[in-house]
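K.L.:
One structure, as structure tokens, below. Some questions next.
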Amino acid sequence: MQSGKQVTLAMDTSSSPLLFVLEKDGKRYTARRRGIKQEKLLFPVLNALLKKAGADLADIGRVFIIRGPGRFTGIRISLTFASMMKYLNHTEVRGATLFEALRFQAENSRAFKSWKQQHPDGALAVVLHAFREEYFLQIFDEQNTAPAWLSREELLERLAQYGRPLCVAGSDKDASPLSGLLGGKYTLAEEKVCRLQPAQFLEMARQNGWEKDALEPLYLKPARFELIKPV
């Protein structure tokens with residue numbers, strides 16, 4: 001964090017609800033707001049949090065953002081704000097993907113640690129609803145599997161073919177649990193770690209190990225386009 005700047009801000013505008021977590025002098029201030037047009041919510045919500053904390057934009061020493069996946073416009077909101085703060089306020093910018101954030105939460109949970117002890121060769125998969133019958137997927141293992149945007153059928157097939165025990169974190173349509181999609185075929189992470197938790201999100205923001213100057217968005221190619229091959 002920049003010397004003299006007292007505020008750390010973690011923000012996720014990749015989808016609804018928008019999430020802000022702000023810390024000053026050891027106190028945490030949180031706001032969630034639902035709405036498709038996050039650009040209209042950004043500054044009113046942020047200004048309200050800063051006012052509660054007795055701070056202003058110039059006091060923000062670090063911004064931590066979610067780089068995607070999610071809505072194109074939503075991701076751009078965080079990136080644009082972080083870029084503005086970096087160049088105009090000399091604010092330090094760090095970030096992670098939503099896959100990485102949910103991995104962080106899941107792997108720090110007692111339930112996952114217990115599951116991992118019972119399944120030492122098992123891996124964590126993060127599944128997120130993307131659009132209609134399509135999903136985002138990333139499996140975290142020693143292969144560093146790249147994230148993907150898959151149709152429902154492709155997702156289920158890829159999980160079934162993985163061949164090792166899986167613990168799955170994430171959510172289905174309208175932030176509903178994955179149980180309806182995956183049934184009882186896999187161990188599901190605790191519901192509380194399947195969406196960003198303010199305390200865990202802020203803990204990520206405090207850490208120096210995440211990518212610095214993280215202004216590169218994670219946009220994944222939709223499954224319906226991956227099937228189209230150039231002539």
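K.L.:
What is the sum of charges around residue 35, taking Lys and Arg as +1, Asp and Glu as -1, for the other residues whose C-beta is under 15 Å from the C-beta of residue 35? Present the calculation step by step, with values, prior to reporting the outcome.
P.N.:
Values: positive: 32, 33, 34, 37, 40, 71; negative: 12, 39, 174.
Computed value for this residue: +3.
K.L.:
Grab the other residues whose beta carbon is less than 9 angstrom from that of residue 164, score K and R as +1, D and E as -1, and report the net.
P.N.:
Numbers: positive: none; negative: 121, 141.
Residues near residue 164 contribute -2 overall.
K.L.:
Could you tell me the calculated FRET efficiency between residue 73 and residue 206, based on Cβ-Cβ distance and R0 = 30 angstrom, to the nearest 0.05?
P.N.:
Numbers: r = 28 Å, r/R0 = 0.94.
Efficiency, rounded to the nearest 0.05: 0.60.
K.L.:
Sticking with this structure for a sec: First measure r as the distance between the Cβ atoms of residue 219 and residue 132, then evaluate 1/(1 + (r/R0)^6) with R0 = 22 Å and state the FRET efficiency to the nearest 0.05.
P.N.:
Values: r = 18 Å, r/R0 = 0.80.
The pair residue 219/residue 132 has a calculated efficiency of 0.80.
K.L.:
With the cut-off at 30 Å, tell me which of the pairs 5/113; 37/113; 27/212; 40/173; 37/173 have Cα atoms farther apart than that. List each step's numbers first, then the result.
P.N.:
Numbers: 5/113 36 Å; 37/113 38 Å; 27/212 24 Å; 40/173 24 Å; 37/173 19 Å.
From the list (5/113; 37/113; 27/212; 40/173; 37/173), the Cα-Cα distance tops 30 Å for 5/113; 37/113.
K.L.:
A further question follows. Hey, what number do you get for the chain at 222 nm if only DSSP H runs of n ≥ 4 count, each worth -39500 (n - 2.57), divided across all residues, to the nearest 500?
P.N.:
Values: 8 runs with 79 residues, N = 231.
-10000 deg cm²/dmol, from helical runs alone.
K.L.:
Taking the Cα centre of the chain as origin, work out the dipole magnitude from +1 charges on Lys and Arg Cβ and -1 charges on Asp and Glu Cβ, in debye rounded to 20. Please report the intermediate quantities before stating the final value.
P.N.:
Values: 34 positive and 26 negative charges, 139 e Å.
Once rounded to the nearest 20, the dipole reads 660 debye.
K.L.:
Follow-up. Using the Karplus curve 6.51 cos²θ - 1.76 cosθ + 1.60 with θ = phi - 60°, work out ³J(HN,Hα) for each residue of segment 207-218 in order, rounded to whole Hz, and write x for Gly and Pro.
P.N.:
Couplings: 6, 8, x, 7, 4, 8, 6, 7, 10, 9, x, 9 Hz.
K.L.:
Putting +1 on Lys and Arg Cβ atoms and -1 on Asp and Glu Cβ atoms, find which of 73, 54, 42 reaches farthest to the positive end of the dipole of segment 1-150.
P.N.:
54
K.L.:
Let me ask you something else. Dipole of segment 93-171, Cα-centred, from +1 at each Lys and Arg C-beta and -1 at each Asp and Glu C-beta, to the nearest 20 debye?
P.N.:
Numbers: 9 positive and 10 negative charges, 73 e Å.
Charge dipole, segment 93-171, about its Cα centre: 360 debye, nearest 20.
K.L.:
While we're on this one: Once Rh for segment 26-112 is found with the Kirkwood sum over Cα pairs, what is the Stokes-Einstein diffusion coefficient at 4 °C and 1.567 mPa s, in µm²/s? Mind dumping the intermediate values first?
P.N.:
Details: Rh = 14.5 Å.
Approximately 89 µm²/s, per Stokes-Einstein.
K.L.:
Tell me, in nm to one decimal, what length is gained between residue 80 and residue 39 on full extension, where the rule is 0.36 nm per residue of separation less the Cα-Cα distance?
P.N.:
Values: separation 41, 0.36 × 41 = 14.76 nm, distance 1.06 nm.
Going from the current span to full extension adds 13.7 nm.
K.L.:
Report in % the part of the accessible area of the chain that belongs to carbon and sulfur, leaving out ligands and nucleic acids; probe 1.4 Å.
P.N.:
On the way: 5980 of 11950 Å².
Carbon-and-sulfur percentage of accessible area, whole number: 50.
K.L.:
I need the phi-derived Karplus couplings for segment 16-24: 6.51 cos²θ - 1.76 cosθ + 1.60, θ = phi - 60°, integer Hz, Gly and Pro marked x.
P.N.:
Karplus values, whole Hz, x for Gly and Pro: 8, x, 5, 10, 10, 10, 10, 10, 9.
K.L.:
At q = 0.11, 0.15, 0.21 Å⁻¹, what is the base-10 log of I(q)/I(0) for segment 73-231 according to the Debye formula with one equal point scatterer per Cα and no solvent? Please give it to two decimals.
P.N.:
For segment 73-231, the Cα-only Debye profile gives -0.49, -0.88, -1.46.
K.L.:
Would you mind telling me the antiparallel percentage of the DSSP bridges in the chain, rounded to 5? Let's see the in-between values first.
P.N.:
Working: 26 of 44 bridges.
Antiparallel: roughly 60 percent of the beta bridges in the chain.
K.L.:
What is the sum of charges, Lys and Arg at +1 and Asp and Glu at -1, for the other residues whose Cβ falls under 14 Å from the Cβ of residue 118?
P.N.:
On the way: positive: 110, 113, 116, 164; negative: 121.
So the environment of residue 118 carries a net charge of +3.
K.L.:
Around residue 95, which amide H atoms from residues at least 5 apart in sequence, or from another chain, sit under 5 Å from its own amide H, with H modelled in the peptide plane?
P.N.:
So residue 95 has HN proximity to 65, 211, 214.
K.L.:
Using the heavy atoms of the protein chains and a 1.4 angstrom probe, tell me the accessible area per residue for segment 84-179 in square angstrom. Numbers along the way, then the final one.
P.N.:
Numbers: 4750 Å² over 96 residues.
Dividing the accessible area of segment 84-179 by its residue count gives 49 Å².
K.L.:
Same structure, new question: So if each residue of separation counts as 0.36 nm, and I subtract the Cα-Cα distance between residue 32 and residue 179, what length gain in nm does that give?
P.N.:
Values: separation 147, 0.36 × 147 = 52.92 nm, distance 2.50 nm.
Residue separation times 0.36 nm, minus the Cα-Cα distance, leaves 50.4 nm.
K.L.:
Ok, one more. Could I have the simple spin-label model distance between residue 152 and residue 58, label points 7 Å from Cα toward Cβ, reported in nm to one decimal?
P.N.:
Spacing of the two 7 Å Cα→Cβ label points: 5.4 nm.
The values are calculated or read from the model by the stated rules, or taken from the named source; none is laboratory data. Just so you know, these numbers come straight off a predicted model, no measurement behind them. Counting neighbours? That spans all protein chains shown, and the Cβs are built from the backbone with ideal geometry, glycine included. With ligands, DNA and RNA removed, areas are computed over all heavy atoms of the protein, side chains included. Shrake-Rupley method; radii C 1.70, N 1.55, O 1.52, S 1.80 Å.
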